[in-house]
Amino acid sequence: MHRGEGHCHPMQSLAVTALALPAALSLPRLAVMLLALAVLVVVVAIATRRYWQAWQRSPQEVPRNDALRERDDHLKLALWASGEHFWDYDLVRRRMHRMRADENAQHSAEITVVTRQSDMPTIHELDMPLVMQRLRSHLQGETPLFMSEHRMDLNGNGNWAWVRARGRVVERDQDGRPLRIAGTARDITASRNAEYEHRIASEVMRTMSEAVAVLDWNHQFIAINEAFTRITGYTDTEVIGQPVALLDSAQHDDAFMDRMHAELERDGRWSGELWKVRKDGEEILCKIETNVVPDASGQRRLYVLVLNDITEQKRAEQELRYLANYDTLTSLPNRSLLSERLSRAIVRARRENGRVAVLFIDLDRFKDINDSLGHATGDRILRAAAARVQQTVGAQHTVARLSGDEFTVVLEDISSAQDAEDIAQQIITAFMQPLSFGERLELSVSPSIGISLYPDHAQVPTDLLKHADTAMYQAKAAGRHTYQLYSESMDEKTRHRAILASALRRALERNELSLVYQPRLSLKQQRITGVEALLRWQSKEFGEVSPGQFIPLAEESGLILEIGAWALREALQTLRSWHAQGFPDLTVAVNVSAMQLQRGDLADVVARTLGETGVAAGFLELELTESVIMANPEKNADTLRACRRLGVFIAIDDFGTGYSSLAYLKRLPLTTLKIDQEFVSDLTHDVDDEAITSTIINMGHSLSLNVIAEGVETAAQLQFLHDHGCDEIQGHWIAHALTAEACLQFIREHGLRPAAIKAVS
């Protein structure tokens, strides 16, 4: 409690205070001091009783002889030397007599005694119950002495002081009832505060997360805390008295240790990182702070060590540095380290009047491979591709992975663009050999490469990378599996693409998008059974824009969701019109993009649009490519099953060009298989395409799927497909893609095509 926290009435009882002796005192010393204090109390009590009796008598009754003065001198000396206050309490009159020596006296001859007679000083209300208990026990003869430590307002000014009080009954009546009690008291506020601070310091040291050790002047342990044991494994009994060298590691030579000790002795402190050895032999890296402090006597030095195990912290920092500069999958430098190395290469080239080339590498159709074979296989492909590139260009050049399937090579010390082109061709040639993954698994992957040069094309790293990226896209546009050297004209194409993307955002508002329809002929029924709806864009600024240009732009920008929903509604409205005009059996197939499927709400969109247009679900077929379906086969299968439950049909488009698994193909709710025109175009000319096409037809029928061949343009192709049991065909042999009005007119006139029927009959 602090001063002023509360008080009790002075007449409630007697109280005297106590404080334990300092912890540093040993038990034998404590016993001696207690015995001495008891003797002092008896001496003071006897002397005080005689002095009190003399004080109560009249001057005529008490002669002031030399003996009395000698006793008075002895009392004053005892009070002055011990710092004790004498008190005598009259239990009947409830009066307190206090006596103390003048503490300011410099010599024994100058000692004066201050006496005071008053009521009992106020005892702190929180201490009163314990004081009363101890006093009652003594008065009842249960204890030989009254002893207590408590707070009192000695001067009546509201300031609380801790006092240690001792006393005993000095007078009783004829019946043995106590009349007076006397004893000594001492102000121990300062020692109590010191002890309190000591306890706080000890608790702080005990609870510290850092290991703390105190060494003596010989560098031997004299104290440790719990954290020291936790970090080093040593208990206090194992290290007390042992030299601090017990923890030393052989990783630091004598010269280093000598420098450390010299600095410590010179500056009085040292901090740094040291390897230490735990009790179990494990080496740990510690952050150590050592300070020199004097001991209690101030004569000798003590050393206080604060240790913190930073082994895991340093390991984490190293890992962070690695993660900040290297790709974890391939162990190649990442974009950050690439930028740093490219910058240094440019500085050297500028100083030496040299050249630097940047090769931007992208794996062709990697997304399809990754989506169909799984991300685990995709990661193995990336690691193998990284190793293949590094092996080809050599360790003297930097190979980095930017993201996904994008790699970058920095070529230094080249004399011309031809040197960069030669290395690009070497990389392309190296990838002609399949990537091997063990377990008899091999996969062919081809790269597309863009090249930019310093100082020919750019002066700074960001521009070099951008130009190489632009050239890489031109390589893909040129047919993939090749390289392109950057030219300024490529930027014009890039700018055109950006402008085109901006115009596409306004296409729907301007009614620039439309649908055309390509009829499908049933070889079994010998009639047109349906159409495929195809998207077209007639731009006011750019004229007719190819779907191969704007569809990817729509997917990149997210516009494909809005455009896809519009195309579905437009196709169903057209079909409803045709049904009303006398062609109630016609169906329509609508293409679905990857983004539409991955959103997961395709079934809801289809159901809502069917309800709005009034078309039955059985007249709608959704077409999706292999790569779209296999991007996330499990999730996409659930979405397609939801669509299939509506009654719509599901077709897989461009079959044979992707990487779909037959196991997944069986689990998907498919109704139709469409053979890609890449195989159909060479029918009757390429035996491999013929074998592939016939196999797809047979496989589709074995899975109870309707098989449609795309891109039929000749009678020979038609005949082959008919002979091998293909169900339907579409292509220019039947009709080009037509507007809604023209397609309906074609169906009216050629719903049955005698020429086609004759060719296959």
Single unsatisfied condition, residue 428 versus (1) touching a helix residue (DSSP H, G or I) at 6+ places or on another chain (Cβ under 9 Å); (2) part of a helix (DSSP H, G or I); (3) among the β-branched types (Val, Ile, Thr): (1)
Does residue 413 count as in a strand (DSSP E or B) and surrounded by fewer than 17 Cβ atoms within 10 Å (Cβ to Cβ)? yes
Residue 541 vs. criteria of a type in the set (Asp, Glu), in contact with a helix residue (DSSP H, G or I) (Cβ under 9 Å, 6 or more places away or on another chain), over 26 Å from residue 672 (Cβ atoms) and surrounded by fewer than 19 Cβ atoms within 10 Å (Cβ to Cβ): yes
Which residue is farthest from residue 120 (Cα to Cα), if the candidates are limited to the range 131-158 and must be out of contact with any Ser or Thr (no Cβ under 7 Å at 6 or more places or on another chain) and hydrophobic (A, V, I, L, M, F, W, C)? 145
Going through the range 371-392 in order, the residues found to be hydrophobic (A, V, I, L, M, F, W, C), surrounded by fewer than 19 Cβ atoms within 10 Å (Cβ to Cβ) and within 28 Å of the chain's Cα centre (by Cα) are 376
Inside the range 210-224, can you point out the residues that are within 18 Å of residue 287 (Cβ to Cβ) and assigned to a loop (DSSP other than H, G, I, E, B)? 210
Could you tell me which residue of the range 208-261 is modelled with the lowest pLDDT, considering only residues that are surrounded by 13 or more Cβ atoms within 10 Å (Cβ to Cβ), among the charged types (D, E, K, R) and under 38 Å from the mean Cα position of the chain (by Cα)? 210
Hey, residue 486 surrounded by fewer than 21 Cβ atoms within 10 Å (Cβ to Cβ), aromatic (Phe, Trp, Tyr) and free of Cβ contacts under 8 Å to residues at least 40 places away in the same chain or not: no
How do the pairs read when you match residues in the range 126-140 that are farther than 14 Å from residue 165 by Cβ with residues anywhere that are among the acidic types (Asp, Glu), using Cβ under 8 Å and keeping only pairs 6 or more apart or on different chains? 126/5
Here are the criteria: (1) in a helix (DSSP H, G or I); (2) more than 44 Å from the chain's Cα centre (by Cα); (3) of a type in the set (Asp, Glu). Tell me which single one residue 585 does not satisfy. (1)
Can you go through 287, 279 and tell me which one is in a strand (DSSP E or B), more than 20 Å from residue 466 (Cα to Cα) and either in contact with a Leu (Cβ under 6 Å, 6 or more places away or on another chain) or among the charged types (D, E, K, R) (or both)? 287
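Listed here are the residues, each with its yes/no results for (1) touching a Ser or Thr at 6+ places or on another chain (Cβ under 8 Å); (2) at pLDDT below 70; (3) basic (Lys, Arg); (4) closer than 30 Å to residue 230 by Cα.
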site	(1), (2), (3), (4)
180	no, no, yes, no
185	yes, no, no, no
201	no, yes, no, yes
205	no, yes, no, yes
Condition check: of a type in the set (D, E, K, R) and either touching a residue at least 12 places away in the same chain (Cβ under 8 Å) or over 30 Å from residue 573 (Cα atoms) (or both). Does residue 527 satisfy that? yes
List every residue pair whose Cβ atoms sit under 8 Å apart, with the two residues 6 or more apart in sequence or on different chains, where the first one lies in the range 344-369 and is in a helix (DSSP H, G or I) and the second, anywhere, is surrounded by fewer than 17 Cβ atoms within 10 Å (Cβ to Cβ) and not hydroxyl-bearing (Ser, Thr, Tyr). 346/459; 346/460; 348/354; 349/455; 350/455; 366/404; 369/443
Can you confirm whether the range 510-524 contains a residue that is of a type outside the set (A, V, I, L, M), farther than 30 Å from residue 582 by Cα and surrounded by 14 or more Cβ atoms within 10 Å (Cβ to Cβ)? no
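Let's see how each residue does on (1) without any contact (Cβ under 8 Å) to a residue 60 or more places away in the chain; (2) over 30 Å from residue 735 (Cβ atoms):
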{"position": "424", "(1), (2)": "no, yes"}
{"position": "450", "(1), (2)": "no, yes"}
{"position": "470", "(1), (2)": "yes, yes"}
{"position": "473", "(1), (2)": "yes, yes"}
{"position": "490", "(1), (2)": "yes, yes"}
{"position": "507", "(1), (2)": "yes, no"}
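Rundown of residues vs (1) closer than 14 Å to residue 462 by Cα; (2) assigned by TED's automatic domain parsing to the domain that holds residue 390; (3) modelled with pLDDT of 90 or more; (4) surrounded by 13 or more Cβ atoms within 10 Å (Cβ to Cβ), yes/no style:
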| residue | (1), (2), (3), (4) |
| --- | --- |
| 308 | no, no, no, yes |
| 321 | no, no, no, no |
| 330 | no, yes, yes, yes |
| 340 | yes, yes, yes, yes |
| 346 | yes, yes, yes, yes |
| 349 | no, yes, yes, yes |
| 358 | yes, yes, yes, yes |
| 364 | no, yes, no, yes |
| 369 | no, yes, no, yes |
Would you say residue 114 is assigned by TED's automatic domain parsing to the domain that holds residue 88 and at pLDDT below 85? yes
Quick check: is even one residue across the range 265-277 out of contact with any His (no Cβ under 9 Å at 6 or more places or on another chain), in the same structural domain as residue 214 (by TED's automatic domain parsing), within 23 Å of residue 317 (Cβ to Cβ) and among the charged types (D, E, K, R)? yes
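The values are calculated or read from the model by the stated rules, or taken from the named source; none is laboratory data. Bear in mind the structure is a predicted one, so any value in this text is a computation, not a measurement. Methodologically, a virtual Cβ is constructed for each residue, glycine included, from the backbone with ideal geometry; neighbour enumeration extends over all protein chains shown.
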